[in-house]
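**Q** A single structure is presented below for examination.
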Amino acid sequence: MAAVLVTGIGELTTNDAELGKLRNAALVLDGGRVAWVGAAADAPDADESVDVDGRAVLPGWVDSHTHLVFAGDRTAEFGARMSGQPYAAGGIAVTVDATRAASDAKLAAGLRKHVDEAVSQGTTYIETKTGYGLTVADELRSAVLAGQYADEVTFLGAHLVPPGAKADEYVDLVCGPMLDAVAPHVSWADVFCETGAFDEDQSRTVLTAAGKKGLGLRVHGNQLGPGPGVRLAVEVGAASVDHCTYLTPADVAALADSDTVATLLPACDLSTRQPLPEVRALLDAGVTVALASNCNPGSSYTSSMAFCVTTAVLQMRMTVEEAVRAATLGGAQALRRDDVGVLRPGSRADVHVLDAPSTTHLAYRPGVPLTWAVWRAGVRQR
Ligand code: NIG
């Protein structure tokens with residue numbers, strides 16, 4: 001792989017505490033890693049040079065929450081929601097039926113399409129989950145396929161009790177044969193701890209079993225109403241609790257006293273007509289916040305991290321710096337990675353160039369596609 005000098009950077013967001021934000025900067029990418037960061041005037045030679053002519057450069061988006069192993073379509077459900085129907089967990093079963101019926105090739109094509117779509121918009125590190133299979137064979141198939149396209153894979157057998165199954169028997173299946181089959185193919189386990197999905201005890205049982213298998217833990221919590229998800233995530237030492245739409249002061253305090261990241265999914269809240277999370281309370285308390293797309297066919301069918309950032313700034317009142325950090329470094333922290341979401345010597349060469357002079361344009365020009373160039377692990381994608 002040739003070493004590449006990216007120079008003429010008008011504004012470089014590094015997310016590195018010492019490097020900070022640089023003007024008139026340059027980067028050298030070599031062997032899939034960042035080899036050098038500094039002033040353009042001091043840049044060393046490289047095999048190739050790309051002058052970005054004053055554009056803004058930032059780490060690629062880290063999308064730490066997606067559900068991309070699926071088939072089928074839920075446009076009608078979305079349309080009904082826009083006419084006033086509430087979102088409910090049960091809609092997941094529609095996608096489960098379509099996913100089980102799909103061939104491996106069809107699921108793989110969908111995965112590739114959605115990952116490529118995300119990368120073309122600046123996402124360079126992506127997590128995705130199982131959870132639309134809900135049998136041992138279908139969850140295993142989902143995990144294996146996901147591992148071919150995503151950077152990190154999460155086991156979400158505890159997404160919904162399949163229609164017709166008994167909840168306690170299904171939890172036993174998830175914690176036993178399903179976990180045994182899937183664990184070698186994933187690094188994380190997750191549970192949808194919510195009314196209509198899994199209650200606190202069932203969720204704890206799943207997370208405890210997954211922890212004993214050596215998997216990192218994540219929780220879907222407090223999405224559709226206040227509930228035990230955040231508290232449970234903190235109790236089990238989860239890396240992240242995702243959604244956090246309904247938080248009590250006690251939830252915020254528990255997160256502030258923990259290493260658990262609060263991952264906010266604003267596109268989902270808009271698509272399900274839920275309120276947007278009160279992010280200022282989290283930030284003021286010192287909680288680490290991530291932003292992710294939650295790309296899935298039911299509650300949030302977008303792969304656009306830029307849309308999430310724009311929404312976070314314009315509607316949740318995050319500053320541009322806070323939102324960009326949450327969608328890059330925050331996502332990395334939610335996945336417990338220290339080599340992505342940041343641009344410093346040694347980090348992965350995940351580079352996003354905007355066709356704009358500053359990241360402020362992400363909110364200043366809402367809806368305008370601003371991705372100009374992307375390198376993922378040092379390989380130019382566009
Ligand atoms: O994160 N909340 C649970 N799971 C997904 C939605 C899945 C679906 O509706 O298909 C989410 O929003």
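The values are calculated or read from the model by the stated rules, or taken from the named source; none is laboratory data. Remember, predicted model here, so these are calculated numbers, not experimental data. Here Cβ is always computed from backbone atoms with ideal geometry, including for glycine, and neighbour counts include all displayed protein chains. What goes into the accessible areas is simple: the full protein's heavy atoms, side chains included, and nothing from ligands, DNA or RNA. Shrake-Rupley method; radii C 1.70, N 1.55, O 1.52, S 1.80 Å.
**Q** Please report the net charge: other residues with Cβ closer than 10 Å to the Cβ of residue 153, K and R +1, D and E -1.
**A** Details: positive: 129; negative: 127, 151, 152.
My count for the surroundings of residue 153 gives -2.
**Q** Same structure again: Just the number please: accessible area per residue for region 61-334, 1.4 Å probe, all protein chains included, in Å². Numbers along the way, then the final one.
**A** On the way: 9550 Å² over 274 residues.
Normalised by residue count, the accessible surface of region 61-334 is 35 Å².
**Q** Quick one: with all protein chains in place, what share of the accessible area of region 227-333 is carbon or sulfur, to the nearest percent (1.4 Å probe)? Provide the component values of the computation, followed by the final result.
**A** Details: 1790 of 3540 Å².
Percent of accessible area from carbon and sulfur atoms in region 227-333: 50.
**Q** If packing is taken as the average count of other Cβ atoms within 10 Å, what order do 250-260, 150-160 fall into, highest mean first? Could the numbers behind the result be given before it?
**A** Numbers: 250-260: 18.5, 150-160: 26.5.
Per-residue Cβ counts within 10 Å, averaged per peptide and sorted highest first, yield 150-160, 250-260.
**Q** Okay, next question. Whose amide H sits under 5 Å from the amide H of residue 49, counting only residues 5 or more places off or on another chain, with H placed in the peptide plane?
**A** Amide H neighbours of residue 49, under 5 Å, 5+ apart: 5.
**Q** Here's another thing I want to ask about it. Measure nothing but the geometry: give the 0 to 90° angle between the long axis through the Cα atoms of 92-101 and the longest principal axis through the Cα atoms of the chain, rounded to 10°.
**A** For 92-101 against the chain, the angle is about 80 degrees.
**Q** Additional query: From the phi angles alone, apply the Karplus equation (6.51, -1.76, 1.60; θ = phi - 60°) to region 16-33 and give each ³J(HN,Hα) in whole Hz, x where the residue is Gly or Pro.
**A** 3J(HN,Hα) across region 16-33, in whole Hz: 9, 4, 7, 6, x, 9, 10, 10, 6, 10, 8, 9, 10, 10, 8, x, x, 10.
**Q** From the phi angles alone, apply the Karplus equation (6.51, -1.76, 1.60; θ = phi - 60°) to region 305-317 and give each ³J(HN,Hα) in whole Hz, x where the residue is Gly or Pro.
**A** Result, ordered by residue: 5, 4, 4, 5, 5, 4, 5, 4, 7, 6, 10, 9, 6 Hz.
**Q** Which order, highest average first, do 325-332, 43-50 follow once you tally other Cβ atoms within 10 Å for each residue and take the mean per peptide? Intermediate values should be presented prior to the final figure.
**A** On the way: 325-332: 28.0, 43-50: 14.4.
Answer by packing, highest mean first, reads 325-332, 43-50.
**Q** Give the separation of the Cα centroids, region 344-380 to region 237-279, in Å.
**A** 26 Å
**Q** Let me see the P(r) profile for region 301-382: every Cα-Cα distance counted, bins of 10 Å, each bin given as a percent of all pairs.
**A** Per 10 Å bin, starting at zero, the Cα-Cα P(r) for region 301-382 comes out as 18, 48, 32, 2 percent.
**Q** Still on this structure: Enumerate the whole-percent occupancy of each 10 Å bin, from 0 to the last occupied one, for all C-alpha pair distances of region 18-168.
**A** 9, 29, 26, 15, 15, 6, 0
**Q** Largest first and in whole Å, what are the equivalent-ellipsoid semi-axes of region 284-332 based on the Cα gyration tensor, each being the root of 5 times an eigenvalue?
**A** So the three semi-axes of region 284-332 are 19, 12, 10 Å.
**Q** Would you grab the residues whose amide H sits under 5 Å from the one on residue 36? Only those 5+ places off in sequence or on another chain, please, with H modelled 1.01 Å from N.
**A** The answer is 28.
**Q** Here is a further query. Checking the table 113/213; 106/129; 129/212; 129/166; 166/212 against a 28 Å threshold on Cα-Cα, which pairs fail?
**A** 113/213, as the Cα separations exceed 28 Å there.
**Q** Mind jotting down the three principal axis lengths of the chain based on Cα atoms? Whole angstrom, largest first.
**A** 66, 44, 42
**Q** Enumerate the calculated ³J(HN,Hα) couplings along region 365-382 in order (Karplus 6.51 cos²θ - 1.76 cosθ + 1.60, θ = phi - 60°), each rounded to whole Hz, writing x wherever the residue is Gly or Pro.
**A** Using θ = phi - 60°, the values come out as 10, x, x, 8, x, 9, 5, 10, 8, 9, 10, 10, 6, x, 9, 5, 9, 6 Hz.
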